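A.B. asks: Take a look at the following structure, please.
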Amino acid sequence: MSGLRKNEAYECARNGAENGITRAREKRGEAYLCQPLPTRLYRHKEEEELLNLCFFQVQTAMESALVTAMTRIMGEKVAILIRRNKNVKEITDIEEKMEKLKELLMIVNMVIQDVESRPFTYDVKILSRKLRYLVYDLEDVVDCYDTEVLRKQRSRASFRSVHDFFSSNNQILFRSRLGSMIKAVTDSLDSILLQKSKLLNLSQGNFYISPSDYKTTHSSISSDIMGRETEKQRIVDLLTDDDDVENNQDTMKVIAIVGMGGLGKTRLAQLVFNDEKVKAHFASWRMWTVIGMEFDPTKIMKSILEQATNAPSTVTEINSVRQKLEHTLSGKRFLLVLDDVWNEDATRWGELRAALTCGARGSKILVTSRSLHVSSIMNSFITHQIQQLPPDDCLPLFQQFAFGDEEKDQKLMDIGRKIVEKCGGVPLAIISLGSMLHNIQDETHWSSVLNSKIWQLRDEEQKVLAALKWSYDTLPPQSKKCFAFASLFPKGYTIEKDELVRLWMANGFVQSEGNVDAKTMGNRVFDDLVLRSFFLLTPSKEHDFGDDSHVTKCMMHDLMHDLARSVSGDVYWNVKEDLVTDIGNRTYHLLLYVKNLSNAYQALLRKPLYLRTLILSDCYLYLNANLLEIIFSELKFLRVLDLSSNKIKKVPKSIGNLIQLRYLNLSRNNIEVLPNSITLLHNLQYLNLSWNEELQELPKELRSMCNINAFVIQM
């Protein structure tokens, strides 16, 4: 490789400039209103109506809060850009337009605050959606302006001719485009204000938490869950007891932890996995895989193989994966945790089990699931049905999160005791409400939680989901956006902390504040979401839960994922190819699982495309140059593009069209040469070219891309 060595990372300044003007969007699709959250069928009509009412209000309230978060961040960015433009005098007439945009944002903020104070009717829901789309349009205007300002700053420092870029004709064109974009958002705002004025007879009075009321949850809270010590010890003993190995024909045993959502199945499994006795018994052969809704034997085997070998695998054919796995585990006594299993197909389980019988006697599989049927088809040796926490453990757990080490108010203690009783011994509800109320030491609000109608619901999991919503309400604005983004990934998906933070940064969800850079802010948001149980830390072979500094991966509890989906509406989608036609006209972030990308993308092209994020990772497709040309030509507003593991050989020059791109992952492909046009991506912050073993050459000017703060290349 010329110019750059393998395993080399380059740290660059973040003052670079962009190279292109964002095109104005002339036409806007009608707002697509996503359907309400699916609910279960209930025997009692009154309970079904109550559930629909509760969760309609929950979803609308969260969407409004998310719009507020977006607008506050956008207002701060506009102010920065206006200050920056004062040093770019040649861009005439622009500052006046941006001042107008600043006024628009102030109006939007006032409208949002008014909408948030309304009872949550269907009309308010529509209004909230329109405000969300308007904020995205405002972002386009700001990015267009930012591009021009940064370009002008670069022209002063450049020795090249910039006459073509900054001719009077181009300046007129830019001012015209920016003016058209501002007029479009102004017209949209006028329409929203007109609709708002028609919402009559709506009273004020919803509780609102300002950012100044927010406090970080006490950091000294224990990671252990009270009341599970006996259960933990029982499972540890089952895993490490090999007295009957010689007399048992089975090479390995399956032990299942079964119970409803929110009881702490995963947390109990984590405590067992990280127990010192378990570590010593299985040595280095401990693996953890999150399964989720889709039980794909090939993907599961591949995940186990990568953990066992501590190396990525590019093998995709099931027989090849199985052979490598059997060779790796042969004669080894291992512990495998299969977390959150939903599969009730015995055939699929049989495929996986057959590949795991190669281990030594005494190997164990620990399964967590909501379904006893799952335990049955997996022929579990022992099924441990996890129960609600004992009452004596519930109140201390709540107090630990609600008060921490602070002095306990007796009146709040009394209300809290009654709230805990209504939680029914479900740890996730107790922790979420405790974390939320820690930030609101207000007797009135504690009483409103106690007297809420959601406690009338008979379904315990729906009660938990409503409790999680309250906890979400108290998050800071940027944390709400970061949490909503996580809904892009399917249930059971694990992601590295650093990767998630970089995706947040690329989309502008976390930004630098004072002397604190964006990555540090993102790490703080992540850590706080973990403390509040919005994210769960997941172990790997070499990274355990005992030392948070070594934990790099996380996932969401499936009930938290339901909450995130209700927040995101149609903005975030992860779909398979047969559901591509269901994607909303206003989808901005998309993750596709497809076998035929050409057909899926043709379906997408029939819709207005506003994508900011496109992830086609681990599809193992053959993406040809023609299809990539279409992607690079149509999706001009992309901030994040992940094309890893798609067997790409050639990257078209048209990749230089993606001038707003901040994050580009081309790892695990067959790329030989990277086009010089990639150096036109002046906004690019993150570039990953790892595991492209055929890569021979990199553009010479790659070093000059000074906005890149992380360049990863590993073979």
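The values are calculated or read from the model by the stated rules, or taken from the named source; none is laboratory data. Values in this document were obtained by computation on a predicted structure and should not be read as measured data. Reconstructed Cβ throughout: ideal geometry from the backbone, glycine too, with neighbour counts over all protein chains shown.
A.B. asks: Go through (1) modelled with pLDDT of 90 or more; (2) not assigned by TED's automatic domain parsing to the domain that holds L336 and name the single condition G404 misses.
C.D. replies: Going through the list (1) modelled with pLDDT of 90 or more; (2) not assigned by TED's automatic domain parsing to the domain that holds L336, G404 breaks only (1).
A.B. asks: Same structure, new question: Just checking, how many residues over region 507-533 are over 24 Å from V135 (Cα atoms), under 16 Å from the mean Cα position of the chain (by Cα) and β-branched (V, I, T)?
C.D. replies: 1
A.B. asks: It is to be established whether one or more residues within region 310-332 are out of contact with any Phe, Trp or Tyr (no Cβ under 6 Å at 6 or more places or on another chain), within 21 Å of G264 (Cα to Cα) and either surrounded by fewer than 21 Cβ atoms within 10 Å (Cβ to Cβ) or among the acidic types (D, E) (or both).
C.D. replies: In the first step, residues of region 310-332 are kept if they are out of contact with any Phe, Trp or Tyr (no Cβ under 6 Å at 6 or more places or on another chain); the result is 310-315, 317-331.
Remaining after also requiring within 21 Å of G264 (Cα to Cα): none.
No, that holds for no residue.
For (1) crowded, with 21+ Cβ neighbours inside 10 Å; (2) modelled with pLDDT of 80 or more, each residue gets a yes or a no:
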| site | (1), (2) |
| --- | --- |
| G424 | no, yes |
| P427 | yes, yes |
| G434 | yes, yes |
| I440 | yes, no |
| E443 | no, yes |
| L450 | no, yes |
| Q456 | no, no |
| K463 | yes, no |
| F485 | yes, yes |
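A.B. asks: N379 fails exactly one of the following numbered conditions: (1) under 32 Å from the mean Cα position of the chain (by Cα); (2) surrounded by fewer than 22 Cβ atoms within 10 Å (Cβ to Cβ). What is the number of that condition?
C.D. replies: Only one criterion in (1) under 32 Å from the mean Cα position of the chain (by Cα); (2) surrounded by fewer than 22 Cβ atoms within 10 Å (Cβ to Cβ) is unmet by N379, namely (1).
A.B. asks: Can you name the number of the only condition in (1) of a type in the set (D, E, K, R); (2) out of contact with any Ser or Thr (no Cβ under 7 Å at 6 or more places or on another chain); (3) touching a residue at least 40 places away in the same chain (Cβ under 8 Å) that R322 fails?
C.D. replies: (3)
A.B. asks: Name the residues in region 264-309 that are within 26 Å of the chain's Cα centre (by Cα), more than 22 Å from A354 (Cα to Cα) and not in a helix (DSSP H, G or I), would you?
C.D. replies: Narrowing region 264-309 to residues within 26 Å of the chain's Cα centre (by Cα): 264-271, 273-274, 287-307.
Checking which are more than 22 Å from A354 (Cα to Cα) leaves us with 264-271, 273-274.
If the condition is that a residue be within 26 Å of the chain's Cα centre (by Cα), more than 22 Å from A354 (Cα to Cα) and not in a helix (DSSP H, G or I), then G264, N274 are the ones that fit.
A.B. asks: Looking at region 393-424 only, could you name the residues that are in contact (Cβ under 8 Å) with a residue 60 or more places away in the chain, under 21 Å from G259 (Cα atoms) and over 31 Å from the mean Cα position of the chain (by Cα)?
C.D. replies: Passing the criteria: only D393.
A.B. asks: How many of the residues making up region 657-699 are at pLDDT 90 or above, part of a helix (DSSP H, G or I) and surrounded by fewer than 22 Cβ atoms within 10 Å (Cβ to Cβ)?
C.D. replies: Count: 2.
A.B. asks: Select from region 537-556 the residues that are at pLDDT 85 or above and in a loop (DSSP other than H, G, I, E, B) and list them in ascending order.
C.D. replies: M556
A.B. asks: Out of all the residues in region 345-362, is one or more within 28 Å of the chain's Cα centre (by Cα), at negative phi, not in a helix (DSSP H, G or I) and not basic (K, R)?
C.D. replies: For region 345-362, residues within 28 Å of the chain's Cα centre (by Cα), at negative phi, not in a helix (DSSP H, G or I) and not basic (K, R): absent.
A.B. asks: Could you grab me the full set of residues in region 296-309 that are over 17 Å from E496 (Cα atoms) and surrounded by 20 or more Cβ atoms within 10 Å (Cβ to Cβ)? Explain how you work it out, then say what you get.
C.D. replies: Of all residues in region 296-309, those over 17 Å from E496 (Cα atoms) come to 296-302, 305, 308-309.
P297, I300, M301, K302, L305, A308 - these are the residues of region 296-309 that are over 17 Å from E496 (Cα atoms) and surrounded by 20 or more Cβ atoms within 10 Å (Cβ to Cβ).
A.B. asks: Look through L579, L628, L559 and report the one residue that is more than 19 Å from T494 (Cβ to Cβ) and either of a type in the set (G, A, S) or modelled with pLDDT of 70 or more (or both).
C.D. replies: From the options L579, L628, L559, the qualifying one is L628.
A.B. asks: Which number in (1) loosely packed, with under 15 Cβ neighbours inside 10 Å; (2) modelled with pLDDT of 80 or more marks the one condition that Q249 misses?
C.D. replies: (2)
A.B. asks: May I ask you to list the residues in region 397-416 that are of a type outside the set (G, A, S) and surrounded by 14 or more Cβ atoms within 10 Å (Cβ to Cβ)?
C.D. replies: Start the filter on region 397-416 by keeping residues that are of a type outside the set (G, A, S), which leaves 397-401, 403, 405-415.
L397, F398, Q399, Q400, F401, F403, D409, L412, M413, I415 - these are the residues of region 397-416 that are of a type outside the set (G, A, S) and surrounded by 14 or more Cβ atoms within 10 Å (Cβ to Cβ).
A.B. asks: Residues in region 316-336: is at least one in a helix (DSSP H, G or I), closer than 18 Å to G362 by Cα and basic (K, R)?
C.D. replies: no
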